[in-house]
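Here is the structure we will look at, set down as structure tokens.
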Amino acid sequence: MFDRDFYEREHKEICAWYQEKYANRDSYLIFDGVADPENYTGILFLLKEAYGKERKLAEYDLVKDLADNGPWGHWGHVAKWTYGLLHTDEHTIAPYCDMSWEEKNAMLRKMAVINVKKVDGKKSSDPDELMSYARDNAQTLRREIAHVQPRIIVCGNTFHYLKEIFGLTGDYSCDNWYYWLELEGMGKMLILDYFHFAAHYPELLTYYGLTNIYQQALLHKQDAAE
């Protein structure tokens, strides 16, 4: 159960931690987290890094901008993915459908975003640099992920960073790209190991890919409980 008061206290402390850590360098700091605490549904997108629309700013609140003004660009895909995850269960996959800007904005308000790297975001990511950030900030990133209290974590080509953050050393492999994993301080969590939403694949294909993976994960959990 999402605790808004707990989230807001933790979020404030985490933002202050990043501000202090990167205060003495010429860094463009991007905050993330829950887009709209009043409408959050427990879907977390774990991404690599973000780059803001206003480079003149020293700090930028990505999720506030998404809640107020999104979607733009490929964030419309995230809105549709969120819709699909919310309306798919063991028996039915939510059909792909066109959505108005207002409907997409409502979906973005139901999810959270956490980026591995918070500073100097670039359009093209350096894997070694991102792994360094994941390793260096692992304790705080674990706290960030825990304090948004997700029920589903969608990895946008970031599962290897998630393993580093939580110190998962096993040889993980699943043909269906999902994992039910014990994460420190969170219990068993559903992880969907997927593409980044800006990957160059047709939107219809990525939508049904993700919702099918999610349904298979739900069926696997149900089978294990029987």
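General observations
- Annotated for the stretch 1-104: lysine pairs at least 8 residues apart or interchain, Cα distance under 21 Å, count 12.
- Think of the stretch 118-226 as having a plus end and a minus end, set by charges on the Cβ of Lys, Arg, Asp and Glu; of A217, L141, W180, L141 sits farthest toward the positive end of this dipole.
- Distance between the C-alpha centres of the stretch 167-205 and the stretch 82-125: 15 Å, rounded to the whole angstrom.
- On the beta carbon distance between T92 and N39, with R0 = 22 Å, the FRET formula returns roughly 0.45.
- Most simply put, the chain has about 35% antiparallel DSSP beta bridges, counting only bridges with both residues inside it.
- Rounded to 0.05, the FRET efficiency of the E103 and D3 pair, given R0 = 30 Å and the Cβ-Cβ distance, is 0.60.
- Selection among A94, A50, H77 by position relative to the dipole of the stretch 40-112 gives A50 as farthest towards the positive end (Cβ unit charges, Cα centre).
- Correct option for Cα extents along the principal axes in Å [calculated from the coordinates] among [x] 57, 41, 30; [y] 53, 42, 36; [z] 50, 45, 36: [y]
- The equivalent ellipsoid of the stretch 1-93 has semi-axes of 28, 18, 11 Å, largest first, where each one is the square root of 5 times an eigenvalue of the Cα gyration tensor.
- Computed over the stretch 87-226: relative contact order in percent, which uses C-alpha pairs under 8 Å that are six or more apart: 28
- The stretch 1-153, relative contact order in percent, only Cα pairs under 8 angstrom and at least six apart counted: 39
- The dipole here belongs to the chain: it is taken about the Cα centre, uses +1 on the Cβ of Lys and Arg and -1 on the Cβ of Asp and Glu, and is about 380 debye.
Read the figures in this text as sums done on the coordinates, not as results from a lab. Note that this is a predicted model, so its numbers are computed, not measured. In this analysis, Cβ positions are derived from the backbone assuming ideal geometry, glycine residues included, and neighbour counts consider all displayed protein chains.
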